Amino acid sequence: MMEEVLLEKKFGKPKFFKVPDGYFEKLDACVMDKIPVTEPCKKRTITRFLRPLAYAACVAAAVVSATVYLYSINNRHGKQMADFASNVDAQSAVGLDFTIDAMSDYAMFDNEDYYSFIADE
C-alpha cells in the first residue's frame, strides 16, 4: 500500500478518460438535432372510434341471447309443470288409491317393501 502512495506522488494518477473542451455544452444540441421531428396525430381513425361501440354491441348481443335462452327454458319448465298439475288433478278425480298406485309404480315399491316399512315402525 505504501508503494502505491509513493508511485502516485512520483508519477501522479493516470487519467484514462479525457473529454474534449466544450463537449458537454454542445451535447444537448447534438442530441436534439438527431431526434426526428414528427407532428402529433390529432385525428382519430374510424376503427379506433368504433372499437368501444363494437364492444358494447357484443355485450348487448350476449345479454339478449342469454335472456332469450333463459326465457325459453322457463317456458318449457312452466309447460311441464302445467301438464303435471293437470295430471295430478285427473288422478285426484279418479281417487286416492290410483294416486298411491301411480306413486308406488314411479318409486318402484311393491307391497313387500310397504310391509317391511310398516313392520319397522
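Any read-out appearing in this document is the output of simple, stated calculations on the displayed coordinates, not a laboratory observation. Quick caveat: nothing in here was measured; it's all calculated off a predicted structure. Here Cβ is always computed from backbone atoms with ideal geometry, including for glycine, and neighbour counts include all displayed protein chains.
Using the Cβ atoms and a cut-off under 15 Å, what net charge is assigned to the surroundings of Leu50, where Lys and Arg are +1 and Asp and Glu are -1? Mind dumping the intermediate values first?
Numbers: positive: Lys43, Arg44, Arg48, Arg51; negative: none.
Neighbourhood net charge equals +4.
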By a straight-distance test (C-alpha under 18 Å), which lysines pair with Lys26 as possible cross-link partners, with residues fewer than eight away in the same chain excluded?
-> Lys18, Lys34
Which shape class, rounded, prolate or oblate, goes with region 6-74 when its Cα gyration tensor gives a ≥ b ≥ c as root eigenvalues, a/c under 1.5 marks rounded, and past that a/b bigger than b/c marks prolate?
-> oblate
